[in-house]
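All remarks here apply to the structure that follows.
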Amino acid sequence: MATANTAVLTSLDAKIHSLADIIAVFNRDGGVIVHNMLSDEVRDNLRSELAESMQSTTAGTQSSDKGVQEFWGSNTKRFTRLSYRSKTFRDLVLVHPLLRGVADNELGPHCASYWMNTGQAMIIGPGEKAQWLHRDADNWPLILGPTAKPVTVSCMFALSEFTAENGATRVVPGSHKWDDFSRKADDSEVTQAVMPAGSALIYSGTVLHGGGANTTNAEWREGMHLSFLVGWLTPEEAGCIGIPEDIARTLSPLQQQLLGYRCYTGDVKAARLWTIDYEDIPVGMKWE
């Protein structure tokens, strides 16, 4: 039986603590709250650039699949293409040095390069029920398990304050180290990532988590998810399709690679994926 004190998330501060400190807690617990991941200016710019999409996006999914409907939520807004919708996202969040530092440590030993899995707004509205607990690595079930190598790192940025009442992400610290990934979490093992705006929850692809219930009458919880994936797996979002070529041309090689504008080339000569005519085609290449 799990004890109550197992359900604790550690909070660190990006202005005070080192990358090594953050990685140590991430490795131990499978998730860590980091305050001051986004400055007030960056957060304000993100909210401004995404405001129209936040307002116009309809809550719930258009999918007829019952599982998708339940996972999505009836009063939760989701949208992607953040690199197209927000210059601040592509310039300052996509390449966030602290998040990339965690990804370098977690994913770097297992791939030649990683890329964006998805950049996604997750805005939980009043009355939304809690999402079921899941692992992000569930997307690739054939390689999921306690002995599997890490394939993805996720981060939930708080664009508004995350409270227990408005749907702060639920997390099961330590569940990334369970011997049995099929078992259910006991209530005493679940906590919430309560954090001020500008903070972020960085978490492992194998830690159990899920959106919290929003029990408020009128408050929307504004979350922004960014995750990275080893380059030899297919990501959730088709990043390079979601951004026009004229914008993609202005991006740095790192930004282009993270969005899928470069092929994956591993240490083995034949490990060459995501190519055209078996070539690494830069953005803007003209076809005949």
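Count of lysine pairs in the chain with Cα atoms under 20 Å apart, counting only pairs 8 or more residues apart in sequence or on different chains?
Total qualifying Lys-Lys pairs in the chain comes to 5.
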Revision key, fill the gap. One checks the Cα atoms of the stretch 1-137 and finds Rg and Dmax, in Å, of 17.3, 48
Review point. For the Cα atoms of the chain, what angle does the longest principal axis make with the long axis of helix 97-107, in degrees from 0 to 90, nearest 10?
Key: 90 degrees
Check your understanding: Going by average Cβ neighbours within 10 Å, how do the peptides 52-58, 35-41, 124-130, 241-247 rank, with the highest at the top?
Key -> 124-130, 35-41, 241-247, 52-58
**Study point:** log₁₀ of I(q)/I(0) at q = 0.15, 0.18, 0.21 Å⁻¹ - the stretch 119-236, Debye sum with one point per alpha carbon
**Key:** -0.66, -0.92, -1.17
Point to revise | For the stretch 168-261, Kirkwood radius (reciprocal of mean inverse C-alpha pair distance, Å) | key: 16.5 Å
Check your understanding: With charges set only on the Cβ (+1 for Lys and Arg, -1 for Asp and Glu), what does the dipole of the chain come to about its Cα centre, in debye to the nearest 20?
Key -> 200 debye
Check your understanding: Got the relative contact order for the stretch 4-273 handy, in percent, Cα pairs under 8 Å and 6 or more residues apart?
Key -> 27 percent
Point to revise | Inter-site label distance for ALA24 and ASP65 at 7 Å from Cα along Cβ, in nm | key: 4.2 nm
Review point. If you take the beta carbon distance between SER188 and MET54 as r and set R0 to 35 Å, what does 1/(1 + (r/R0)^6) give as a FRET efficiency, to the nearest 0.05?
Key: 0.50
Practice item. Using only C-alpha atoms and all pairs of different ones, pull out the Kirkwood radius for the chain in Å with one decimal. Key: 19.5 Å
Check your understanding: Where does helix 40-56 land angle-wise versus the long Cα axis of the chain, in degrees 0 to 90, nearest 10?
Key -> 90 degrees
Exercise for review: Can you figure out the FRET efficiency of TRP132 with ASP179, using R₀ = 30 Å and their beta-carbon distance, to the nearest 0.05?
Suggested key: 0.90
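Rule-based calculations on the coordinates, nothing more; no lab input. Since the structure is predicted, the reported quantities are computational estimates derived from the model, not experimental observations. So basically every Cβ, Gly included, is an ideal-geometry build from the backbone, and we count neighbours across all protein chains shown.
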